[in-house]
Amino acid sequence: MPKMIQIRNVPDELHRRLKARAALAAMSLSEYLLNEIKLVAERPTLAELRRYATIRTEPGDVPPPPIVQLGDRRR
């Protein structure tokens, strides 16, 4: 069953900007914010990015990018 999220103390200017963006997208403010929150929830957290970066950068795991290889050949 869907849940409700309520945000209190939204500054007037922020509310106006969000409402204007929703109108430009031909959406209600609730629809617009739900879409934005979905995008936020799909992005990895900083901790997840750090963990992924640590895994990806084990020595010898990944060859240097082609531009680095090209630069090495010219020396």
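The values are calculated or read from the model by the stated rules, or taken from the named source; none is laboratory data. Small disclaimer: the values here were computed from a predicted structure and weren't measured. Note: ideal-geometry Cβ built from the backbone for every residue, glycine included; neighbour counts use all protein chains shown.
So that you can scan it fast, the table gives a plain yes or no per residue for (1) in a loop (DSSP other than H, G, I, E, B); (2) exposed (fewer than 12 other Cβ atoms within 10 Å of the Cβ); (3) at positive phi; (4) not hydroxyl-bearing (Ser, Thr, Tyr):
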| site | (1), (2), (3), (4) |
| --- | --- |
| ILE5 | yes, yes, no, yes |
| ASN9 | yes, yes, yes, yes |
| GLU13 | no, yes, no, yes |
| ARG21 | no, no, no, yes |
| SER30 | no, yes, no, no |
| LYS38 | no, yes, no, yes |
| PRO44 | yes, yes, no, yes |
| ALA47 | no, yes, no, yes |
Go through segment 28-75 and count every residue that is acidic (Asp, Glu) and at pLDDT 65 or above.
-> 4
